[in-house]
Structure formats: C-alpha cells, structure tokens
Amino acid sequence: MKFLKRLVAVLIVLFGLFYFVGLPYLRKETKKHSPEKTSSYTLQGTQLKVHYSSPSKKGRPIFGGLVPFDQVWRTGANEPTTFTTSGAIKIIDKPLPAGTYSLWTIPNKESWKVIFNKEVPDWGVSIFGGGTQTTRDAAEDLINVEVPSREISQPVENFTIDFTNEDQLYLSLSWDQTRINVPINK
C-alpha cells in the first residue's frame, strides 16, 4: 500500500512539473519559430482584431505540401487563430455577433473554406495526431463560407493575416504564392 501511495505521489509531481513547467516552455520555444502577431481594424466604430502565430515558408512547398489540401487547418501555428469583433458584422452575407471566435480554414487550389467557430481550444491540434489532427469541434461552427484563392506573383515568406480595404473591407490571408480575401460587411 505504501508503494502505491508513493507511486501516485510521484506521478502527481511529474504531471505537475510537465503541466506547469514543460508545457509553458514548449509553447515559448515554438513561438520563436512562429511569432505571435495581431492585426486590427475599426469598421464604422466596430473594433476587429485577429490574433495568430506566423510560421515561415523556409523554402518549403506550403499549400498542397506542408498544409495539405482538403483538410482542416488551424490557420497558422501554435494556438488557433482568433478573430474578435466588438459588434455584429457579416462575413460575406452571414451574420457574426460580437465575440471571439477561432478561425479555421480548408485550403484547396481554387478556393478555401473559412470557418468561424464558437470555441477557442488551447492548442488546436492533437498531440497524438502528429500535429495533423485538429481539436476543432465542427458542431460549434457558426459560419462556414467559401472564397476563391488566387496566386500572387511575389511569394510571402511569413504567413500573414491582415485587414485590407480595397473596394470593401477584407480579411486577407497570404502565404507563399497564395492569397484569399474574406469580405467583411457591417
């Protein structure tokens, strides 16, 4: 019985060390390679913000390679990308209430599906899935839209999410030689 109690105590201490020391260290180390970034925009008094981690191309083929086609991607590195709006907006023609959402995508050659999900999981991918299996709960998807992708002439080294205001406001995602624009309306 004493042995079992000691074993349980040791396991609790090891778990505590991993959770409070190991995980924060691992997160800090991964952010050296994929730094956190934030983009903001004010649309008619509504504050919009996207927070993400920005991996680098490093000579790798990205879409259809590192990021497979037709599979859910956490859209960046490290924790899931978050999109926050202080007021109600529309993504294309679909209403998005005020709040913070996780942003997921399904890249393809001609178009991407863009998903706004009500939950923001801790890491975004399963450790046991080798980093390819997301922790997104599809039942919590609030918006799912499809937008065309386009090839850009100048490769983008670091994954970038920004707001661009051309003929209207877009949430723009660019990496390697691919760019998508997600229309945002009030």
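Step through the table entries K49/K113; K37/K90; K57/K94; K49/K186, compare each Cα-Cα distance with 22 Å, and write down the pairs that go over it.
K37/K90; K57/K94
Show me the ranking of peptides 70-78, 57-65 by mean Cβ neighbours inside 10 Å, starting with the highest.
Output ranking for 70-78, 57-65: 70-78, 57-65.
Could you work out how far apart the two model spin labels at K90 and E140 are, taking each label as a point 7 Å from the Cα in the direction of the beta carbon, and quote it in nm?
Rounded to a tenth, the inter-label distance reads 2.7 nm.
Using amide H atoms built 1.01 Å from N in the peptide plane, name the residues 5+ places from G64, or on other chains, whose amide H lies under 5 Å from its own.
F69
Relative contact order of segment 33-118: what whole-number percent is it, with Cα pairs under 8 angstrom and at least 6 residues apart?
Relative contact order of segment 33-118: 25 percent.
So the label point goes 7 Å from the Cα of D167 along Cα→C-beta, right? Which residues of segment 67-104 then have their backbone N under 20 Å from it?
Answer for segment 67-104: 90-94.
If the viscosity is 0.890 mPa s and the temperature 25 °C, what Stokes-Einstein diffusion coefficient in µm²/s follows for segment 43-186 when Rh is the Kirkwood radius over Cα pairs?
Approximately 159 µm²/s, per Stokes-Einstein.
Let me cross-check I92: its accessible surface, 1.4 Å probe, with only protein heavy atoms counted, in Å² to the nearest 10?
Estimated to the nearest 10 Å², I92 gives 60 Å².
The values are calculated or read from the model by the stated rules, or taken from the named source; none is laboratory data. These numbers come from a predicted model, not from an experiment. Cβ: placed from backbone, ideal geometry, glycine included. Neighbour counts: every protein chain shown. Keep in mind that these areas ignore ligands, DNA and RNA; they rest on the heavy atoms of the full protein, side chains included. Shrake-Rupley method; radii C 1.70, N 1.55, O 1.52, S 1.80 Å.
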